[in-house]
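A short write-up of the structure that comes next.
The values are calculated or read from the model by the stated rules, or taken from the named source; none is laboratory data. These figures come from a predicted structure and were not determined experimentally. Note that each Cβ is placed from the backbone with ideal geometry, even for glycine, and that neighbours are counted across all protein chains shown. Areas reflect the complete protein model, heavy atoms only, side chains present, ligands, DNA and RNA absent. Shrake-Rupley method; radii C 1.70, N 1.55, O 1.52, S 1.80 Å.
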Amino acid sequence: MRMAGETVTQTKWEGKACVELATPTAQEVWPLVEDFCNLHKWLPTIDTCYQVDGILGQPGMVRYVATTTTTSSNGNEETTIKWAKEKLLMIDPIKRCLSYEVTDNNIGMKSYVGKSTVSPINDDGKNGCKIEWSFVCDPIEGLRFEDFLSYMETALQSMAKKMEDAFLSTR
């Protein structure tokens, strides 16, 4: 039974996307993931990513990430910039993982903590690796959980393809 004025708390969204890369090893892919301010090089949906505060590669560092979209209707073009500031919370080069939180944004996120991990897929550490991208966040206004998870999975697959293509072109 609820009392008048009592609010119902929404449960957190938790999810994880995983992708395997056939060729590069975890040791080869980790430096790309660890490079916190170069997300735009690997994630096709991000066109801007740069450091705004803190020491590069150290917990407490903040990056600004943005996506610019242009739509046109009735002959008018409209440009929209969706952005977030993300603070590096933890980085562990031995376990090849990092976590970060969204501290400010214009996309409806109230709280979001993400974690990326790069691990070998074979015991010998050769031939391939796995990237995991997990998150815990408050429900995002105007989005369904399934749509957000689908975005994360598609984004990670695109990112992995760009990384794999980069390695194949240098071999």
Quiz item: Using the heavy atoms of the protein chains alone and a 1.4 angstrom probe, what is the accessible area of the chain per residue in square angstrom?
Solution: 60 Å²
Exercise. Pop out the carbon and sulfur fraction of the accessible area of the chain as a percent, whole number, probe 1.4 Å.
Key: 50 percent
Practice problem: Please identify, among LYS95, LYS41, LYS87, the residue showing maximal mean-square fluctuation in a Gaussian network model of the chain using a 10 angstrom Cα cutoff. | Solution: LYS95
Quiz item: With contacts defined as alpha carbon pairs under 8 Å and 6 or more residues apart, what's the relative contact order of the chain in percent?
Solution: 29 percent
Exercise. Quick one: net charge around ASP47, please, counting Lys, Arg +1 and Asp, Glu -1 for every other residue with C-beta under 11 Å from its C-beta.
Key: +2
Quiz item: Mean residue ellipticity at 222 nm from the helices of the chain, using -39,500 (n - 2.57) per DSSP H segment of n ≥ 4 over the full residue count, to the nearest 500 deg cm²/dmol?
Solution: -7000 deg cm²/dmol
Practice problem: Find the centroid of the Cα atoms in region 11-77 and in region 101-171, then give the distance between the two in whole Å. | Solution: 8 Å
Quiz item: In degrees between 0 and 90, to the nearest 10, how far off the longest principal axis of the chain does helix 145-170 point, with axes built from Cα atoms?
Solution: 20 degrees
Quiz prompt | Given LYS82/LYS130; LYS12/LYS87; LYS110/LYS162, the pairs whose alpha carbons are separated by over 24 Å | solution = LYS82/LYS130; LYS110/LYS162
